[in-house]
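The values are calculated or read from the model by the stated rules, or taken from the named source; none is laboratory data. This is a predicted model, so every value here is computed, not measured. Cβ sites come from the backbone with ideal geometry, for glycine too, and all protein chains shown count toward neighbours.
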Amino acid sequence: MVSTRILAYTAGLIAIIVWRSGRVAKNNILTKHNFPTGYYAEGNYTNDCTTLKAPELKYCEDATFWNLLDNSGKFVDRGLLISCDAGRKSWNTVMGPLRDPEPLGSLWLYEPGRKLQAGQSPPLERFKRLELKGYPAGHDFHPLGVEIYPSYAGAPSNLYVINHARERTVIEHFILSPSAPTIATHVRTITSPYFVSPNSLALTSPDSFYVTNDHLLTRRLPYVGNVLAVIESIFALPLGFVSHVTLNPYSTDTSDAPAPIIKEHTFAVLFVPFPNGIAISPSGTHLALSSTTLGHVSIYARDKATHAIAGLIQSIPVPFTPDNLHYTHDGESLIVSGHPNFPALTAVAANKTGAAAPSWVLSIAMQGIELKEDFDVKAPVSARGLVPAVHSREVTTLFQSDGSAAGFSSSATGLKDPITGNLYVSGLYAEDGLLVCRPSS
Ligand SMILES: *[C@@H]1O[C@H](CO)[C@@H](O)[C@H](O)[C@H]1NC(C)=O
Ligand SMILES: *[C@@H]1O[C@H](CO)[C@@H](O)[C@H](O)[C@H]1NC(C)=O
(Lines give C-alpha, C1' and ligand atoms only; values in the text may rest on other atoms or scores of the structure.)
(Ligands and ions follow the chains in the order given, each with its own letter.)
Protein backbone atom coordinates (compact mmCIF):
# COMPACT_ATOMS: atom_id res chain seq x y z
CA MET A 1 0.00 0.00 0.00
CA VAL A 2 2.67 2.42 1.14
CA SER A 3 4.89 1.64 -1.82
CA THR A 4 2.01 2.22 -4.25
CA ARG A 5 1.46 5.59 -2.67
CA ILE A 6 5.16 6.45 -2.90
CA LEU A 7 5.12 5.36 -6.52
CA ALA A 8 2.11 7.57 -7.21
CA TYR A 9 3.76 10.54 -5.51
CA THR A 10 6.98 9.96 -7.43
CA ALA A 11 5.09 9.75 -10.72
CA GLY A 12 3.26 12.94 -9.79
CA LEU A 13 6.48 14.75 -8.99
CA ILE A 14 8.11 13.62 -12.21
CA ALA A 15 5.05 14.81 -14.14
CA ILE A 16 5.41 18.23 -12.51
CA ILE A 17 9.14 18.42 -13.28
CA VAL A 18 8.54 17.47 -16.90
CA TRP A 19 5.83 20.08 -17.14
CA ARG A 20 8.02 22.83 -15.61
CA SER A 21 11.24 22.02 -17.42
CA GLY A 22 10.96 18.93 -19.57
CA ARG A 23 14.41 19.22 -21.09
CA VAL A 24 16.13 19.32 -17.68
CA ALA A 25 14.02 16.40 -16.42
CA LYS A 26 14.88 14.32 -19.45
CA ASN A 27 18.59 15.22 -19.67
CA ASN A 28 19.52 15.50 -16.02
CA ILE A 29 17.09 13.42 -13.99
CA LEU A 30 15.73 10.59 -16.11
CA THR A 31 18.69 9.89 -18.42
CA LYS A 32 22.01 8.41 -17.34
CA HIS A 33 24.51 9.43 -20.03
CA ASN A 34 27.34 7.11 -20.91
CA PHE A 35 30.31 9.31 -19.99
CA PRO A 36 33.91 8.10 -20.28
CA THR A 37 36.23 8.10 -17.26
CA GLY A 38 37.64 11.35 -18.58
CA TYR A 39 37.49 13.35 -21.79
CA TYR A 40 39.59 16.48 -22.27
CA ALA A 41 38.99 18.32 -25.53
CA GLU A 42 42.48 19.80 -25.86
CA GLY A 43 44.50 16.74 -24.93
CA ASN A 44 44.43 13.24 -23.56
CA TYR A 45 42.77 12.92 -20.14
CA THR A 46 45.10 10.15 -18.93
CA ASN A 47 48.26 11.94 -19.95
CA ASP A 48 47.39 15.60 -19.69
CA CYS A 49 45.09 15.91 -16.66
CA THR A 50 46.12 15.59 -13.05
CA THR A 51 44.62 16.47 -9.67
CA LEU A 52 46.12 18.56 -6.91
CA LYS A 53 46.18 16.45 -3.79
CA ALA A 54 46.50 17.63 -0.19
CA PRO A 55 44.71 16.75 3.03
CA GLU A 56 41.52 18.83 3.38
CA LEU A 57 41.82 19.93 -0.25
CA LYS A 58 38.57 18.35 -1.29
CA TYR A 59 34.93 19.19 -1.97
CA CYS A 60 35.83 22.51 -3.61
CA GLU A 61 32.88 24.59 -4.81
CA ASP A 62 34.59 27.58 -6.37
CA ALA A 63 37.82 28.74 -7.91
CA THR A 64 38.80 32.12 -9.29
CA PHE A 65 41.84 33.88 -10.69
CA TRP A 66 43.65 36.55 -8.69
CA ASN A 67 45.16 38.89 -11.23
CA LEU A 68 48.25 40.86 -10.28
CA LEU A 69 48.51 43.97 -12.46
CA ASP A 70 50.94 46.87 -12.64
CA ASN A 71 50.09 50.55 -12.12
CA SER A 72 48.63 50.90 -15.58
CA GLY A 73 46.57 47.72 -15.29
CA LYS A 74 48.93 45.58 -17.37
CA PHE A 75 49.10 41.88 -16.50
CA VAL A 76 52.04 40.75 -14.36
CA ASP A 77 51.07 37.42 -12.84
CA ARG A 78 48.10 35.34 -11.81
CA GLY A 79 47.19 33.09 -8.89
CA LEU A 80 44.29 30.70 -8.49
CA LEU A 81 42.14 30.83 -5.36
CA ILE A 82 40.07 27.79 -4.43
CA SER A 83 37.33 27.41 -1.79
CA CYS A 84 36.89 23.96 -0.26
CA ASP A 85 34.97 22.37 2.57
CA ALA A 86 36.13 18.90 3.58
CA GLY A 87 33.11 18.72 5.92
CA ARG A 88 30.56 19.32 3.14
CA LYS A 89 29.02 15.86 3.54
CA SER A 90 28.03 16.85 7.07
CA TRP A 91 27.05 20.47 6.34
CA ASN A 92 25.53 21.66 3.08
CA THR A 93 22.82 24.29 3.38
CA VAL A 94 21.87 23.98 -0.31
CA MET A 95 21.59 20.20 -0.72
CA GLY A 96 21.68 19.00 2.89
CA PRO A 97 22.49 17.55 5.33
CA LEU A 98 22.64 20.05 8.22
CA ARG A 99 24.39 17.79 10.70
CA ASP A 100 27.75 19.09 11.87
CA PRO A 101 28.85 22.68 11.13
CA GLU A 102 31.93 22.43 13.40
CA PRO A 103 34.99 21.67 11.16
CA LEU A 104 36.21 24.74 9.24
CA GLY A 105 36.48 24.78 5.46
CA SER A 106 39.56 26.12 3.70
CA LEU A 107 40.91 28.53 1.10
CA TRP A 108 43.88 27.66 -1.11
CA LEU A 109 46.21 29.56 -3.38
CA TYR A 110 47.85 27.93 -6.36
CA GLU A 111 50.60 29.81 -8.19
CA PRO A 112 50.63 28.25 -11.64
CA GLY A 113 53.97 29.76 -12.64
CA ARG A 114 55.42 28.62 -15.93
CA LYS A 115 54.05 26.06 -18.32
CA LEU A 116 54.36 22.44 -17.22
CA GLN A 117 56.12 19.85 -19.33
CA ALA A 118 54.42 16.67 -20.50
CA GLY A 119 53.85 14.24 -17.65
CA GLN A 120 54.85 16.82 -15.04
CA SER A 121 52.55 17.31 -12.05
CA PRO A 122 51.94 20.78 -10.66
CA PRO A 123 54.52 21.20 -7.91
CA LEU A 124 52.90 21.08 -4.51
CA GLU A 125 55.04 23.88 -3.11
CA ARG A 126 53.23 26.25 -5.45
CA PHE A 127 50.12 25.33 -3.67
CA LYS A 128 49.26 26.61 -0.19
CA ARG A 129 46.41 26.60 2.28
CA LEU A 130 45.67 30.17 3.33
CA GLU A 131 45.99 31.07 6.97
CA LEU A 132 42.84 32.91 8.07
CA LYS A 133 44.41 35.58 10.24
CA GLY A 134 42.18 37.26 12.81
CA TYR A 135 39.26 34.97 12.01
CA PRO A 136 36.76 35.23 14.90
CA ALA A 137 37.04 32.30 17.32
CA GLY A 138 34.01 30.05 17.32
CA HIS A 139 32.77 31.42 13.98
CA ASP A 140 32.00 28.66 11.42
CA PHE A 141 33.61 28.73 7.99
CA HIS A 142 31.89 26.94 5.10
CA PRO A 143 33.09 28.73 1.97
CA LEU A 144 31.13 28.65 -1.26
CA GLY A 145 31.52 31.46 -3.84
CA VAL A 146 34.86 33.28 -3.70
CA GLU A 147 35.96 36.39 -5.61
CA ILE A 148 38.96 38.67 -5.28
CA TYR A 149 39.61 42.10 -6.77
CA PRO A 150 42.79 42.40 -8.85
CA SER A 151 45.89 43.75 -7.14
CA TYR A 152 47.38 46.88 -8.72
CA ALA A 153 51.12 47.46 -8.30
CA GLY A 154 51.37 45.09 -5.36
CA ALA A 155 48.56 46.70 -3.34
CA PRO A 156 46.43 44.38 -1.17
CA SER A 157 43.22 42.98 -2.68
CA ASN A 158 39.77 42.72 -1.17
CA LEU A 159 38.67 39.09 -1.01
CA TYR A 160 35.02 38.10 -0.43
CA VAL A 161 33.87 34.62 0.49
CA ILE A 162 30.31 33.40 0.92
CA ASN A 163 30.14 31.51 4.19
CA HIS A 164 27.33 29.07 4.98
CA ALA A 165 27.70 29.52 8.70
CA ARG A 166 25.57 27.76 11.28
CA GLU A 167 22.91 30.36 11.96
CA ARG A 168 22.81 32.09 8.60
CA THR A 169 24.75 32.63 5.42
CA VAL A 170 27.09 35.61 5.56
CA ILE A 171 29.86 37.07 3.42
CA GLU A 172 33.37 37.25 4.86
CA HIS A 173 35.62 40.12 3.86
CA PHE A 174 39.35 39.38 3.89
CA ILE A 175 42.44 41.20 2.61
CA LEU A 176 45.09 39.32 0.68
CA SER A 177 48.39 40.93 -0.21
CA PRO A 178 50.85 39.81 -2.90
CA SER A 179 53.66 40.43 -0.39
CA ALA A 180 52.22 37.73 1.94
CA PRO A 181 49.95 35.77 -0.37
CA THR A 182 49.22 32.90 2.01
CA ILE A 183 47.75 35.02 4.80
CA ALA A 184 44.15 36.10 4.36
CA THR A 185 43.48 38.74 7.00
CA HIS A 186 39.88 38.81 8.17
CA VAL A 187 38.34 42.29 8.01
CA ARG A 188 34.65 41.87 8.80
CA THR A 189 31.59 39.64 8.49
CA ILE A 190 28.83 41.08 6.31
CA THR A 191 25.23 40.20 7.11
CA SER A 192 22.00 41.39 5.56
CA PRO A 193 18.34 40.44 5.62
CA TYR A 194 18.76 40.15 1.83
CA PHE A 195 21.34 37.37 2.22
CA VAL A 196 18.76 34.58 2.25
CA SER A 197 20.90 31.96 0.54
CA PRO A 198 23.93 33.56 -1.15
CA ASN A 199 25.75 31.25 -3.53
CA SER A 200 28.03 33.13 -5.90
CA LEU A 201 29.66 36.56 -6.28
CA ALA A 202 30.80 38.89 -9.05
CA LEU A 203 32.73 42.00 -7.98
CA THR A 204 31.94 45.39 -9.51
CA SER A 205 34.59 47.33 -7.55
CA PRO A 206 36.81 46.63 -4.54
CA ASP A 207 33.79 47.47 -2.35
CA SER A 208 30.75 46.24 -4.29
CA PHE A 209 29.41 43.08 -5.84
CA TYR A 210 26.50 41.15 -7.28
CA VAL A 211 25.44 38.15 -5.24
CA THR A 212 23.05 35.36 -6.25
CA ASN A 213 20.48 34.04 -3.78
CA ASP A 214 19.71 30.53 -4.96
CA HIS A 215 16.56 29.89 -2.92
CA LEU A 216 13.99 31.87 -0.97
CA LEU A 217 12.75 28.79 0.89
CA THR A 218 15.86 27.32 2.47
CA ARG A 219 16.67 24.15 4.34
CA ARG A 220 17.39 26.29 7.36
CA LEU A 221 13.66 26.97 7.93
CA PRO A 222 12.66 24.96 11.01
CA TYR A 223 10.76 21.67 10.42
CA VAL A 224 9.60 22.50 6.87
CA GLY A 225 12.90 23.65 5.36
CA ASN A 226 13.92 20.31 3.84
CA VAL A 227 10.58 19.92 2.11
CA LEU A 228 10.15 23.52 0.97
CA ALA A 229 13.68 23.81 -0.46
CA VAL A 230 13.11 20.65 -2.50
CA ILE A 231 9.70 21.88 -3.66
CA GLU A 232 11.25 25.19 -4.76
CA SER A 233 13.85 23.22 -6.76
CA ILE A 234 11.46 20.65 -8.25
CA PHE A 235 8.90 23.19 -9.37
CA ALA A 236 11.74 25.48 -10.49
CA LEU A 237 9.89 28.22 -8.64
CA PRO A 238 11.22 31.62 -9.71
CA LEU A 239 12.01 32.76 -6.17
CA GLY A 240 15.75 33.29 -6.50
CA PHE A 241 17.24 36.72 -7.09
CA VAL A 242 20.43 38.68 -7.66
CA SER A 243 21.36 41.63 -5.45
CA HIS A 244 23.88 44.35 -5.99
CA VAL A 245 25.52 45.39 -2.74
CA THR A 246 27.75 48.42 -2.14
CA LEU A 247 29.77 48.51 1.06
CA ASN A 248 31.15 51.42 3.00
CA PRO A 249 34.89 50.94 2.65
CA TYR A 250 36.49 49.49 5.73
CA SER A 251 38.04 52.01 8.04
CA THR A 252 40.06 51.52 11.20
CA ASP A 253 39.04 54.99 12.34
CA THR A 254 36.89 54.51 15.43
CA SER A 255 36.49 58.16 16.43
CA ASP A 256 32.97 58.48 14.99
CA ALA A 257 30.02 56.18 15.23
CA PRO A 258 30.79 53.40 12.75
CA ALA A 259 28.98 53.56 9.41
CA PRO A 260 26.83 50.54 8.57
CA ILE A 261 28.79 47.98 6.55
CA ILE A 262 26.26 47.94 3.71
CA LYS A 263 25.84 51.34 2.11
CA GLU A 264 23.34 50.34 -0.55
CA HIS A 265 21.38 47.27 -1.62
CA THR A 266 19.45 46.97 -4.87
CA PHE A 267 17.76 44.04 -6.57
CA ALA A 268 19.52 43.51 -9.90
CA VAL A 269 17.48 40.55 -11.19
CA LEU A 270 14.33 39.11 -9.63
CA PHE A 271 12.30 35.93 -10.08
CA VAL A 272 14.95 33.50 -11.31
CA PRO A 273 14.63 29.79 -10.52
CA PHE A 274 17.78 28.66 -8.63
CA PRO A 275 20.23 31.37 -9.79
CA ASN A 276 23.67 29.94 -9.15
CA GLY A 277 26.85 31.11 -10.92
CA ILE A 278 27.31 34.74 -11.94
CA ALA A 279 30.00 36.49 -13.98
CA ILE A 280 30.63 39.91 -15.52
CA SER A 281 32.09 40.05 -19.03
CA PRO A 282 35.61 41.53 -19.26
CA SER A 283 34.17 44.58 -21.07
CA GLY A 284 31.71 45.05 -18.20
CA THR A 285 28.74 45.34 -20.52
CA HIS A 286 27.22 41.90 -19.89
CA LEU A 287 26.23 39.74 -16.96
CA ALA A 288 25.96 35.95 -17.25
CA LEU A 289 23.77 34.07 -14.79
CA SER A 290 23.08 30.35 -14.55
CA SER A 291 19.67 28.99 -13.57
CA THR A 292 20.36 25.52 -12.23
CA THR A 293 16.83 24.15 -12.33
CA LEU A 294 15.98 25.58 -15.76
CA GLY A 295 19.24 24.26 -17.25
CA HIS A 296 20.21 27.46 -18.97
CA VAL A 297 22.54 30.43 -18.81
CA SER A 298 21.09 33.91 -19.27
CA ILE A 299 23.05 36.83 -20.69
CA TYR A 300 21.92 40.27 -19.57
CA ALA A 301 22.98 43.73 -20.70
CA ARG A 302 24.29 45.79 -17.81
CA ASP A 303 25.02 49.43 -17.20
CA LYS A 304 28.65 49.67 -16.17
CA ALA A 305 28.16 52.93 -14.29
CA THR A 306 25.07 52.11 -12.24
CA HIS A 307 25.33 48.26 -12.20
CA ALA A 308 21.66 48.21 -13.23
CA ILE A 309 20.58 45.31 -15.44
CA ALA A 310 19.19 46.72 -18.65
CA GLY A 311 17.52 43.59 -19.92
CA LEU A 312 17.76 39.95 -20.88
CA ILE A 313 19.55 39.42 -24.19
CA GLN A 314 19.33 35.67 -24.47
CA SER A 315 19.00 32.43 -22.51
CA ILE A 316 21.25 29.64 -23.76
CA PRO A 317 20.24 26.08 -22.89
CA VAL A 318 22.99 23.79 -21.57
CA PRO A 319 22.84 19.98 -21.31
CA PHE A 320 23.30 19.89 -17.52
CA THR A 321 22.18 21.76 -14.40
CA PRO A 322 24.68 24.64 -14.53
CA ASP A 323 26.69 25.68 -11.50
CA ASN A 324 29.44 28.35 -11.70
CA LEU A 325 30.59 30.20 -14.79
CA HIS A 326 33.46 32.43 -15.88
CA TYR A 327 34.20 34.44 -18.98
CA THR A 328 37.53 33.76 -20.60
CA HIS A 329 40.09 36.54 -20.35
CA ASP A 330 39.31 37.85 -23.88
CA GLY A 331 35.54 37.66 -23.35
CA GLU A 332 35.17 35.42 -26.39
CA SER A 333 33.67 32.53 -24.47
CA LEU A 334 31.87 31.71 -21.30
CA ILE A 335 33.00 28.56 -19.48
CA VAL A 336 30.11 26.83 -17.75
CA SER A 337 30.38 23.90 -15.36
CA GLY A 338 27.65 21.73 -14.00
CA HIS A 339 26.02 18.51 -13.03
CA PRO A 340 24.62 16.28 -15.78
CA ASN A 341 22.93 13.86 -13.38
CA PHE A 342 21.17 15.46 -10.44
CA PRO A 343 20.04 12.25 -8.69
CA ALA A 344 23.67 11.03 -8.74
CA LEU A 345 24.84 14.32 -7.22
CA THR A 346 22.18 14.01 -4.51
CA ALA A 347 23.33 10.44 -3.79
CA VAL A 348 26.95 11.59 -3.44
CA ALA A 349 25.85 14.46 -1.16
CA ALA A 350 24.04 11.88 0.99
CA ASN A 351 27.28 9.79 1.09
CA LYS A 352 25.65 6.75 -0.55
CA THR A 353 28.16 3.95 -1.12
CA GLY A 354 29.15 3.54 -4.74
CA ALA A 355 27.50 6.78 -5.91
CA ALA A 356 29.42 8.80 -8.53
CA ALA A 357 28.45 12.27 -9.76
CA PRO A 358 29.50 12.97 -13.35
CA SER A 359 31.11 16.20 -14.58
CA TRP A 360 30.60 18.36 -17.65
CA VAL A 361 32.37 21.61 -18.52
CA LEU A 362 31.65 23.45 -21.74
CA SER A 363 32.40 26.68 -23.46
CA ILE A 364 29.80 28.93 -25.08
CA ALA A 365 31.04 31.22 -27.84
CA MET A 366 30.05 34.80 -27.07
CA GLN A 367 30.90 36.19 -30.49
CA GLY A 368 28.41 35.98 -33.29
CA ILE A 369 29.13 33.05 -35.59
CA GLU A 370 27.13 31.34 -38.29
CA LEU A 371 24.55 29.02 -36.84
CA LYS A 372 25.80 25.48 -37.21
CA GLU A 373 23.45 22.54 -36.85
CA ASP A 374 26.41 20.25 -36.33
CA PHE A 375 28.02 21.48 -33.13
CA ASP A 376 30.00 19.76 -30.36
CA VAL A 377 30.90 16.88 -32.67
CA LYS A 378 33.95 15.56 -30.77
CA ALA A 379 32.51 15.08 -27.28
CA PRO A 380 31.75 11.49 -26.17
CA VAL A 381 28.31 12.72 -25.05
CA SER A 382 27.54 15.60 -27.38
CA ALA A 383 25.46 18.61 -26.37
CA ARG A 384 23.93 18.36 -29.83
CA GLY A 385 20.69 16.45 -29.54
CA LEU A 386 20.35 17.36 -25.86
CA VAL A 387 19.91 21.09 -26.34
CA PRO A 388 18.64 23.09 -29.30
CA ALA A 389 21.23 25.11 -31.22
CA VAL A 390 20.95 28.78 -30.34
CA HIS A 391 21.79 31.27 -33.02
CA SER A 392 25.37 32.53 -32.90
CA ARG A 393 26.26 30.82 -29.63
CA GLU A 394 28.21 27.69 -30.37
CA VAL A 395 28.50 25.23 -27.51
CA THR A 396 31.66 23.07 -27.23
CA THR A 397 32.48 20.46 -24.58
CA LEU A 398 35.82 21.03 -22.83
CA PHE A 399 35.68 18.26 -20.26
CA GLN A 400 33.53 15.28 -19.31
CA SER A 401 33.80 12.52 -16.74
CA ASP A 402 31.64 9.78 -15.27
CA GLY A 403 32.75 10.95 -11.82
CA SER A 404 34.36 7.61 -10.93
CA ALA A 405 37.47 7.38 -8.75
CA ALA A 406 39.77 7.49 -11.81
CA GLY A 407 37.74 10.34 -13.26
CA PHE A 408 36.71 13.66 -11.74
CA SER A 409 33.47 14.17 -9.87
CA SER A 410 30.81 16.91 -9.65
CA SER A 411 32.38 19.76 -11.64
CA ALA A 412 31.32 23.06 -10.10
CA THR A 413 33.70 25.60 -11.70
CA GLY A 414 35.81 25.63 -14.85
CA LEU A 415 38.53 28.19 -15.59
CA LYS A 416 40.98 28.58 -18.42
CA ASP A 417 44.36 30.22 -17.94
CA PRO A 418 44.96 32.48 -20.97
CA ILE A 419 48.76 32.13 -20.76
CA THR A 420 49.29 28.41 -20.21
CA GLY A 421 45.97 27.32 -21.73
CA ASN A 422 45.46 25.11 -18.67
CA LEU A 423 41.91 24.15 -17.75
CA TYR A 424 41.14 24.11 -14.02
CA VAL A 425 38.05 22.35 -12.71
CA SER A 426 36.80 22.30 -9.12
CA GLY A 427 34.50 19.53 -7.91
CA LEU A 428 31.80 20.02 -5.29
CA TYR A 429 32.33 16.48 -4.01
CA ALA A 430 35.64 15.64 -5.72
CA GLU A 431 37.95 13.78 -3.34
CA ASP A 432 40.96 15.40 -5.04
CA GLY A 433 39.91 19.00 -4.95
CA LEU A 434 41.15 20.44 -8.20
CA LEU A 435 41.70 19.09 -11.68
CA VAL A 436 44.40 20.62 -13.88
CA CYS A 437 44.46 19.78 -17.59
CA ARG A 438 47.33 20.93 -19.76
CA PRO A 439 46.72 21.20 -23.51
CA SER A 440 48.98 18.84 -25.41
CA SER A 441 51.05 20.71 -27.97
C1 LIG B 1 45.53 8.59 -24.24
O2 LIG B 1 46.79 8.07 -23.92
C3 LIG B 1 46.75 6.72 -23.48
C4 LIG B 1 48.14 6.34 -22.97
O5 LIG B 1 49.16 6.90 -23.74
C6 LIG B 1 46.28 5.84 -24.62
O7 LIG B 1 46.21 4.50 -24.21
C8 LIG B 1 44.88 6.32 -25.05
O9 LIG B 1 44.45 5.60 -26.16
C10 LIG B 1 44.89 7.79 -25.37
N11 LIG B 1 43.49 8.24 -25.54
C12 LIG B 1 43.09 8.91 -26.61
C13 LIG B 1 41.65 9.27 -26.63
O14 LIG B 1 43.84 9.24 -27.51
C1 LIG C 1 30.71 8.58 4.25
O2 LIG C 1 30.87 7.19 4.10
C3 LIG C 1 32.16 6.70 4.42
C4 LIG C 1 32.18 5.19 4.17
O5 LIG C 1 31.68 4.90 2.92
C6 LIG C 1 32.49 7.00 5.88
O7 LIG C 1 33.81 6.59 6.17
C8 LIG C 1 32.34 8.50 6.14
O9 LIG C 1 32.53 8.78 7.50
C10 LIG C 1 30.98 8.98 5.70
N11 LIG C 1 30.93 10.42 5.84
C12 LIG C 1 29.93 11.05 6.44
C13 LIG C 1 30.05 12.53 6.52
O14 LIG C 1 28.96 10.50 6.89
Looking at the stretch 240-252, can you tell me whether even one residue there is crowded, with 21+ Cβ neighbours inside 10 Å, under 29 Å from residue 359 (Cβ atoms), touching a residue at least 24 places away in the same chain (Cβ under 8 Å) and touching an Asp or Glu at 6+ places or on another chain (Cβ under 6 Å)? yes
Within the stretch 286-305, identify whether any single residue is under 22 Å from residue 63 (Cβ atoms), part of a loop (DSSP other than H, G, I, E, B), among the hydroxyl-bearing types (Ser, Thr, Tyr) and at pLDDT 95 or above, and answer yes or no. no
Residues of the stretch 318-357 being of a type outside the set (Ser, Thr, Tyr) and under 12 Å from the mean Cα position of the chain (by Cα), which ones? 322, 323, 324, 325, 326, 335, 336, 338, 339
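Would you tally the residues in the stretch 212-229 being out of contact with any Lys or Arg (no Cβ under 7 Å at 6 or more places or on another chain) and either of a type in the set (Ser, Thr, Tyr) or surrounded by 17 or more Cβ atoms within 10 Å (Cβ to Cβ) (or both)? Don't jump to the end; show me each part of the working.
First, the residues of the stretch 212-229 that are out of contact with any Lys or Arg (no Cβ under 7 Å at 6 or more places or on another chain): 212-224, 227-228.
Checking which are either of a type in the set (Ser, Thr, Tyr) or surrounded by 17 or more Cβ atoms within 10 Å (Cβ to Cβ) (or both) leaves us with 212-215, 217-220, 223, 228.
Residues flagged as out of contact with any Lys or Arg (no Cβ under 7 Å at 6 or more places or on another chain) and either of a type in the set (Ser, Thr, Tyr) or surrounded by 17 or more Cβ atoms within 10 Å (Cβ to Cβ) (or both) within the stretch 212-229 amount to 10.
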Going through 46, 37, 64, 93 one at a time, which residue ends up being β-branched (Val, Ile, Thr), crowded, with 18+ Cβ neighbours inside 10 Å and at pLDDT 90 or above? 64
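Within the stretch 362-377, does at least one residue satisfy the condition of being part of a helix (DSSP H, G or I) and either loosely packed, with under 14 Cβ neighbours inside 10 Å or more than 16 Å from ligand 2 (Cβ to nearest atom) (or both)? Explain how you work it out, then say what you get.
Looking only at the stretch 362-377, we keep the residues that are part of a helix (DSSP H, G or I), and these are none.
For the stretch 362-377, residues part of a helix (DSSP H, G or I) and either loosely packed, with under 14 Cβ neighbours inside 10 Å or more than 16 Å from ligand 2 (Cβ to nearest atom) (or both): absent.
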Cβ-Cβ under 8 Å pairs, at least 6 apart or on other chains, the stretch 402-422 side at pLDDT below 95, far side of a type in the set (S, T, N, Q) and in a loop (DSSP other than H, G, I, E, B): 418/328
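Name the strands (runs of 3 or more DSSP E) wholly inside the stretch 144-261 in which the number of residues that are over 23 Å from the mean Cα position of the chain (by Cα) and within 18 Å of residue 96 (Cα to Cα) is 3 or more.
Numbers: elements: 157-164, 169-177, 180-190, 198-205, 208-213, 240-247.
Qualifying strands (runs of 3 or more DSSP E): none found.
What are the residues in the stretch 325-361 that are of a type in the set (S, T, N, Q) and within 16 Å of ligand 2 (Cβ to nearest atom), if any?
From the stretch 325-361, those of a type in the set (S, T, N, Q) are 328, 333, 337, 341, 346, 351, 353, 359; that's our starting set.
Across the stretch 325-361, the qualifying residues are 346, 351, 353.
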Quick count over the stretch 44-54, residues being more than 16 Å from ligand 1 (Cβ to nearest atom) and either within 19 Å of residue 338 (Cα to Cα) or more than 22 Å from the chain's Cα centre (by Cα) (or both), is 1
